[in-house]
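The numbers here are math on the coordinates, done by the rules we state, and not lab data. Worth saying up front: this structure is predicted, and the values here are computed from it rather than measured. Heads up, the Cβs are rebuilt from the backbone with ideal geometry, glycines too, and the neighbour counts pull from every protein chain shown.
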Amino acid sequence: MKTPVNKAGIADEKHLILLTLNDYLQGRPVKDIERLRAAFHPDARIRTIIAGKLVQWTLPQYLDLVAQATLQECQPELLSYTWDGDTGSAHVQLTFDTFRFIDRFNLVKLDGKWWIVDKISYREELQ
């Protein structure tokens, strides 16, 4: 991982990345659309496979889907993240009662802020 040499720089970068990831992890379970919007770059793309087909949404389309979703108890979890310079990736999961979303993000840093620019998601049934 190529990061600033000093420990303060590494800690600062981790903090900035975690701000973005926490906007997603804390915003998605409660359908906080503005917090979700803050995590994603406006041009972000969201992708998944449904019935064997690739399905893609723009950020506004995805936020509309989240807003319409049934509010359920959810356990968000950050599994891992890494970065090199101004690009990074993260692996998270949201566990609901009967299913889990496993998400992988591509991140970029623009103007001092980290953004999710790409989300690919897998839905795993639990029961």
(message) How high is the relative contact order of the chain? Use alpha-carbon pairs under 8 Å, at least six apart in sequence, and give a whole percent.
(response) 24
(request) Quick one: what are the phi-derived ³J(HN,Hα) couplings along the stretch 92-105, Karplus 6.51/-1.76/1.60 with θ = phi - 60°, whole Hz, x for glycine and proline? (result) 9, 9, 10, 9, 9, 4, 10, 8, 9, 9, 10, 10, 10, 10
(request) Report ³J(HN,Hα) in whole Hz for each residue of the stretch 30-40, in order, from the Karplus equation J = 6.51 cos²θ - 1.76 cosθ + 1.60 where θ = phi - 60°; Gly and Pro get x. (result) 9, 6, 7, 4, 5, 5, 4, 4, 5, 7, 9
(message) I'd like the orientation of helix 59-68 relative to the chain: the angle between its Cα long axis and the longest Cα principal axis, in ° from 0 to 90, rounded to 10.
(response) 50
(request) Relative to the longest principal axis of the C-alpha atoms of the chain, give the angle of the C-alpha long axis of helix 7-27, reported between 0 and 90° and rounded to the nearest 10°. (result) 10
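Check each of the trypsin sites (Lys or Arg not before Pro) in the stretch 57-118 and keep only those in coil by DSSP with at most 12 other C-beta atoms within 10 angstrom; list them in order. Display every interim value, and only then the final one.
On the way: sites: ARG100, ARG104, LYS109, LYS113; in loops: none.
Those that pass, being in a loop and sparsely packed, number zero.
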